[in-house]
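The values are calculated or read from the model by the stated rules, or taken from the named source; none is laboratory data. Fair warning: this is a prediction, and the values are worked out from it, not measured in the lab. All Cβ positions, glycine included, derive from the backbone under ideal geometry; neighbour counts span all protein chains shown. Note: areas computed on protein heavy atoms with side chains; ligands, DNA, RNA excluded. Shrake-Rupley method; radii C 1.70, N 1.55, O 1.52, S 1.80 Å.
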Amino acid sequence: MTTLIVAASATRTESPRNADGALFRYAYITERETVYADTVTELCSYLIPTYDQLVEAGDDTSMLDARVENLAHRIGIAQAMSLEQVLLQREEALPDEVMTAVLEPKDRTPIHVDEWPLTDLPLLLLTTQYAPFTAVPRPRGAAVHFYDPRTERTFVHDTAKISGSQFLVLDRA
């Protein structure tokens with residue numbers, strides 16, 4: 001297993017290859033760099049600095065916890081940025097229950113709301129905090145968005161989505 005990180009400013013004329021000479025299977029593209037990897041686990045290790053140790057220990061529960069915590073942190077940042085934009089555009093204050101819902105840490109207590117009342121402020125949540133994984137019903141609404149840390153692949157996909165990056169599965173043919 002290998003990972004190759006290429007700066008965004010680098011010019012490439014051909015697809016990079018791993019140590020075995022095969023094309024990499026996955027790419028994660030950010031504004032600064034492109035990370036090529038043979039496995040999704042390697043991309044998780046790029047996104048979560050301590051993930052390698054958890055993989056080596058074979059601790060699936062700790063690996064899931066790390067993905068939940070990491071994605072929750074990213075969602076919290078995106079939620080705060082969305083809130084800032086909405087507050088700059090609104091003249092009236094948001095209700096306390098809305099402020100609580102958007103500012104609550106995403107990996108802790110699930111938000112108990114049936115229908116999200118706003119369309120201009122997204123509510124960003126983790127799938128693992130709601131049914132069918134817990135007894136708490138999933139909030140509904142046009143601006144409710146769920147992000148899924150349950151598997152390495154969904155974690156990398158949704159991390160790319162929330163951060164404006166790209167996750168690509170490359171064709172080896």
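Separation of segment 134-173 and segment 38-89, taken as the distance between their Cα centroids, equals 11 angstrom. Candidates ALA101, GLN166, ILE75 compared by Cα position along the dipole of segment 68-173: farthest toward the positive end lies GLN166, with charges placed on Cβ. Take every Cα pair under 8 Å whose residues are at least 6 apart in sequence, average their separation, divide by the length of the chain, and the relative contact order is 25 percent. Can you send over the carbon and sulfur percentage of the accessible area for the chain, probe radius 1.4 Å, protein chains only? Summing carbon and sulfur atoms, their accessible area is 50 percent of the total for the chain.
Are there trypsin sites (Lys or Arg not before Pro) in segment 99-155 that DSSP puts in a loop and that have at most 16 other Cβ atoms within 10 Å, and which ones? Spell out each step's value before the answer.
Working: sites: LYS106, ARG108, ARG140, ARG150, ARG153; in loops: LYS106, ARG108, ARG150.
Those satisfying the criteria are ARG108, ARG150.
Considering only PHE133, PHE146, PHE155, the mean-square fluctuation computed in a Gaussian network model of the chain, springs between alpha carbons under 10 angstrom, is largest for PHE133. How many percent of the alpha carbon pairs in the chain exceed a separation of 22 Å? When all Cα pairs of the chain are counted, 51 percent exceed 22 Å.
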